[in-house]
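Quick notes on the structure that follows.
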Amino acid sequence: GTLGQGLLRLRGNGYERLTRQDGLSSDFVFALIEDREGNLWVGTARGIDQFREPKVLHISTRNGLSSDAVNAVAVAHNGGIWVGTIGGGLDRIDGGRISHYLMNSGLPSTAIASLYQDADGLWAGTTGGLARQSGDRFTEVLSPDGHHMNLVLAITKDRTGALILADGSKGLFSVRDGLAKRLSVPGSERKNVYQLLAARSGVLWVGYYQGGVTAVEGSSAQFYDAARGLAPGPVEAIYEDS
């Protein structure tokens, strides 16, 4: 901090200067302190200013992402991030490195609709089917009749370890040991399942594109819609916090 020349920031062999022209309240700086969140407080002749780094990091195709249309994300085991794109396949961001997974990696399609990470690896739902991660490749999971899934919009896992997924045209499935079988939820036959969540209590929440959610527990099911206080419109996401 200087008396009359603003705030100087040393970088290597050079420096950058912040003055009143840059938004500093005064060119006379009397005090500096950095708080626990990394914010810099600057006491000047005309008050106190706060500087802080942006809290949002934007990553796009300009940084190496396969596509700017991101449809699904999941946290990888090592702390990296899986990013499912529309048309660009699957990306993995680990620090400053971005890896790409396309159809030659075993993905049924480059349009990723849903992602789910469990203890065994990553499940990727695409517009062309469902695939499970196996090392650096993916293995497709077929429907009970041996055909491809069509549009896997949502994936969750219940307390028994079974994977529950929603196919946009074929309905609900339960997947165990790499085999899929149809799952029946009362009322879901007449609606397009859009989102799923297996809650910690054991309740399976099923959200529909036409609106409304069904809470399934054992053999009982309870439907909630706008008439029961739920906001109308497609159920875009379901999340359970602490």
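The residues listed here are V83, V70; of these, the one that is open to solvent by less than 40 Å² (accessible area, probe 1.4 Å), aliphatic (A, V, I, L, M) and within 20 Å of A154 (Cβ to Cβ) is V83.
For region 1-33, a residue qualifies if it is of a type outside the set (D, E), open to solvent by 30 Å² or more (accessible area, probe 1.4 Å) and touching a helix residue (DSSP H, G or I) at 6+ places or on another chain (Cβ under 9 Å), but none of them does.
Of all residues in region 149-195, count the ones that are in a loop (DSSP other than H, G, I, E, B) and surrounded by 21 or more Cβ atoms within 10 Å (Cβ to Cβ).
Narrowing region 149-195 to residues in a loop (DSSP other than H, G, I, E, B): 149-151, 158-162, 168-170, 177-178, 183-187, 191-192.
Within this subset, residues satisfying the condition of being surrounded by 21 or more Cβ atoms within 10 Å (Cβ to Cβ) are 149.
Residues in region 149-195 being in a loop (DSSP other than H, G, I, E, B) and surrounded by 21 or more Cβ atoms within 10 Å (Cβ to Cβ): 1 in total.
Looking across region 223-233, the residues that are loosely packed, with under 13 Cβ neighbours inside 10 Å and not in a loop (DSSP other than H, G, I, E, B) come down to A226, A227, R228. If we scan region 196-209, do we find a residue that is farther than 18 Å from Y116 by Cβ and not in a loop (DSSP other than H, G, I, E, B)? Among the residues of region 196-209, at least one is farther than 18 Å from Y116 by Cβ and not in a loop (DSSP other than H, G, I, E, B), which makes the answer yes. Of all the listed residues (S143, S114, S109), the sole one being in contact with a helix residue (DSSP H, G or I) (Cβ under 9 Å, 6 or more places away or on another chain), within 21 Å of V193 (Cα to Cα), buried (at least 17 other Cβ atoms within 10 Å of the Cβ) and of a type in the set (S, T, N, Q) is S109.
The values are calculated or read from the model by the stated rules, or taken from the named source; none is laboratory data. As the structure is a computational prediction, the values presented were derived from the model and not from experiment. Neighbour counts run over all protein chains shown; Cβ positions are idealised from the backbone, glycine included. Protein only, heavy atoms only, side chains kept; ligands, DNA and RNA dropped before computing areas. Shrake-Rupley method; radii C 1.70, N 1.55, O 1.52, S 1.80 Å.
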